[in-house]
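K.L.:
Just dropping this structure here.
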Amino acid sequence: MFRDTKAFSGFSVNDIGKARQFYGDTLGLEVDESGGEGMDMLFLTLGGGARVLVYPKDNHKPADFTILNFEVDDIDAAVDELGRRGVTFERYPGFEADEKGIMRQDGPHIAWFKDPAGNILSVLQSR
């Protein structure tokens, strides 16, 4: 039924201005503010043309799961560059991370971080 339909995902933030700066300037994504007049929303364009809606929500609660994963060829380079851009990496119980914050055990190498609204994102490198 929806096989040929364009679809997109979305998530909320508590400050659309901070989200615009973080996703556009810090992460370097294309940020489209064409939500329409009076619509304070953003569309992020990801690799391959996928789009994600970011919308403000007064009673926003950060996601307690990873909402976006950015697959990279070199996780060390990505973590180093994000660190230079002011991003700090999260550590979670049960997931041993190295000094950079990269978990290199079972599965892909992965490092988690948060956006200004507290939503969880990651960079990961398949082995």
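The values are calculated or read from the model by the stated rules, or taken from the named source; none is laboratory data. Not measured: the values here are computed from a predicted model. Backbone-built Cβ (ideal geometry, glycine too); neighbour counts: all protein chains shown. SASA here: full protein model, heavy atoms, side chains in, ligands and nucleic acids out. Shrake-Rupley method; radii C 1.70, N 1.55, O 1.52, S 1.80 Å.
K.L.:
Could you please find all residues in the range 112-127 being within 15 Å of residue 68 (Cα to Cα), open to solvent by 30 Å² or more (accessible area, probe 1.4 Å) and in a loop (DSSP other than H, G, I, E, B)? Reasoning before the result, please.
P.N.:
First pass over the range 112-127, keeping only residues within 15 Å of residue 68 (Cα to Cα): 112-125.
Subsequent filtering for residues that are open to solvent by 30 Å² or more (accessible area, probe 1.4 Å) retains 112, 114, 116, 125.
The one that is within 15 Å of residue 68 (Cα to Cα), open to solvent by 30 Å² or more (accessible area, probe 1.4 Å) and in a loop (DSSP other than H, G, I, E, B): 116.
K.L.:
Right, next: What tally of residues in the range 77-94 results from selecting those that are over 16 Å from residue 120 (Cα atoms) and among the hydrophobic types (A, V, I, L, M, F, W, C)?
P.N.:
Final tally of qualifying residues: 2.
K.L.:
Sticking with this structure for a sec: What number goes with the only condition from (1) open to solvent by 30 Å² or more (accessible area, probe 1.4 Å); (2) at pLDDT below 95 that residue 63 does not pass?
P.N.:
(1)
K.L.:
Determine whether the range 71-91 contains at least one residue that is touching a helix residue (DSSP H, G or I) at 6+ places or on another chain (Cβ under 7 Å), of a type in the set (Asp, Glu) and surrounded by 14 or more Cβ atoms within 10 Å (Cβ to Cβ).
P.N.:
no
K.L.:
Right, next: What's the number of the condition residue 109 fails, among (1) over 23 Å from residue 47 (Cα atoms); (2) surrounded by 12 or more Cβ atoms within 10 Å (Cβ to Cβ)?
P.N.:
For residue 109, the failing item is (1).
K.L.:
Let me ask something additional. Across the range 8-60, which residue is farthest from residue 117 (Cα to Cα) among those that are open to solvent by 90 Å² or more (accessible area, probe 1.4 Å) and modelled with pLDDT under 90?
P.N.:
If we take residues in the range 8-60 being open to solvent by 90 Å² or more (accessible area, probe 1.4 Å) and modelled with pLDDT under 90, then 48 is farthest from residue 117 (Cα to Cα).
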